[in-house]
């Protein structure tokens, strides 16, 4: 693989990430962070509504740090509006740091233990 782009793609496929990649996530679109964490099984790829047992929808929410939230809204009989954090049930759930910050600190801690 000759170019850095091809090398980066190969690293992604192998599950190898460096600090510059994680800082790129921190400074990039929030959707990229969500997609990366879903791909790595760090957060749920889908969520089922506890009220109606249907899949919840991932919607953008600019007022939240993560930028997205799981939502189920039904009208009429059995009406409900349920929201769940994308962090629900994950190791990010109790953290007040952004998801990229948690990933960066984790990377640095693991790297420190290896060296």
#### Entry: Among (1) 67, 38, 21; (2) 49, 32, 20; (3) 58, 30, 23, the entry derived from the coordinates for Cα extents along the principal axes in Å
(3)
### Query
Given Cα pairs under 8 Å that are at least 6 residues apart, what percent is the relative contact order of the chain?
21
### Most mobile listed residue (75, 47, 23) in the chain, GNM with C-alpha springs under 10 Å
75
### For the chain, calculated [θ]222 nm from helices alone, where every DSSP H run of n ≥ 4 adds -39500 (n - 2.57)
-12500 deg cm²/dmol
### Query
Highest GNM mean-square fluctuation, the chain, Cα pairs closer than 10 Å: which of 102, 86, 33?
102
### Task
Give the percent of DSSP beta bridges with both residues in the chain that are antiparallel, rounded to the nearest 5.
100
## Note on the structure
Here, residue 113 and residue 21, labelled 7 Å along Cα→Cβ, have an inter-label distance in nm of 1.9
### Query
At residue 48 and residue 65, where each label point lies 7 Å from the Cα along Cα→Cβ, what is the point-to-point distance in nanometres?
3.0
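Read-outs throughout are calculated quantities, based only on the coordinates presented, and are distinct from any laboratory measurement. Values in this document were obtained by computation on a predicted structure and should not be read as measured data. FYI the Cβ positions are ideal-geometry reconstructions off the backbone, even for glycines, and counts take in every protein chain you see.
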